[in-house]
Amino acid sequence: MAKEKKPKGVVEAIADSCQSMGEVDLANISLESADHRLLDVSHMDLDRHVAMQPSAMAYYGSLLKDAARRLAAYKRSYERWEKKKYAEAKASLASGTGKSTVADVEARFIVDNEAEIEKRDKQLDKLQFEYDTLNVWFEAWRQKSFSIREYAHITEDERWSANSSLKDGEKKGSQEDGIRKVRRIIKNRQGAESASN
């Protein structure tokens, strides 16, 4: 009898979606490439940047969270290993003659495990570097969100300023004036159509 495939849960589906968002591209530059031009709102069309922003935040955010989990798990593992090896060093000194100090136990721990300590420290540095790099990149994308908002706000202000003029001491071009003008035009056209019929 064939085993039925269990449907994915929401979390698994979201994780898969976030992972595949790395394939999304902006003007043939994929998110996976981590190209600096992806962050430059003056490069390419602003609409493309706006459309890509949620995908990028989800993609890089998920990578950052994954790196944080790996780093935290490694730190917990390292701490357990260190405690175990410290206890072994203490036991080995206790079986000898004389009383051992904390400094003696620490020295024994280092001597017995020097190669492994170096190996684990390098791995810890690597994981910390990955996390820090992703964190900086994610923060740059977050800043890009603010830049897009500000750029859009400035563009909107410029558009309203360009459509505005001063006439008889009154500012024209406001939304309310525009709505009144459109209503007047529609009313005039309806009146003209009624008169011609």
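I want to confirm something. Restricting to the stretch 34-56 and keeping residues that are of a type outside the set (A, V, I, L, M) and within 16 Å of GLN143 (Cβ to Cβ), which single residue is surrounded by the most Cβ atoms within 10 Å (Cβ to Cβ)? Explain how you work it out, then say what you get.
At the first step, the residues of the stretch 34-56 found to be of a type outside the set (A, V, I, L, M) are 35-37, 40, 42-43, 45, 47-49, 53-55.
The next check asks that each one be within 16 Å of GLN143 (Cβ to Cβ); those that pass are 36-37, 40, 42-43, 49, 53-54.
On the way: HIS36: 11, ARG37: 12, ASP40: 12, SER42: 9, HIS43: 15, HIS49: 23, GLN53: 16, PRO54: 11.
It comes out as HIS49.
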Note to self: Would you confirm whether or not the stretch 80-91 contains a residue that is surrounded by fewer than 14 Cβ atoms within 10 Å (Cβ to Cβ), modelled with pLDDT of 95 or more and in contact with a Phe, Trp or Tyr (Cβ under 9 Å, 6 or more places away or on another chain)?
What the structure shows: no
By residue number, the members of the stretch 156-174 that are loosely packed, with under 11 Cβ neighbours inside 10 Å and at pLDDT 55 or above are GLU156, ASP157, GLU158, SER161, ALA162
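What is the residue count in the stretch 85-141 for residues that are part of a loop (DSSP other than H, G, I, E, B) and among the small types (Gly, Ala, Ser)? Let's see the steps before the verdict.
Residues of the stretch 85-141 part of a loop (DSSP other than H, G, I, E, B): 95-101.
Next, only the ones that are among the small types (Gly, Ala, Ser) stay: 95-96, 98, 100.
Residues in the stretch 85-141 being part of a loop (DSSP other than H, G, I, E, B) and among the small types (Gly, Ala, Ser): 4 in total.
Test MET44 against the stated conditions and say whether it is touching a residue at least 12 places away in the same chain (Cβ under 8 Å) and at positive phi.
Numbers: touching a residue at least 12 places away in the same chain (Cβ under 8 Å): yes; at positive phi: yes.
It is true that MET44 is touching a residue at least 12 places away in the same chain (Cβ under 8 Å) and at positive phi.
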Any chance SER77 is among the polar types (S, T, N, Q), part of a helix (DSSP H, G or I) and surrounded by 12 or more Cβ atoms within 10 Å (Cβ to Cβ): yes
Note on the stretch 20-46: residues over 21 Å from ALA152 (Cβ atoms) and modelled with pLDDT of 70 or more are SER20, ASN28, ILE29, SER30, LEU31, GLU32, SER33, ALA34, ASP35, HIS36
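The values are calculated or read from the model by the stated rules, or taken from the named source; none is laboratory data. All figures in this text were calculated on a predicted structure; none of them were measured in a lab. Reconstructed Cβ throughout: ideal geometry from the backbone, glycine too, with neighbour counts over all protein chains shown.
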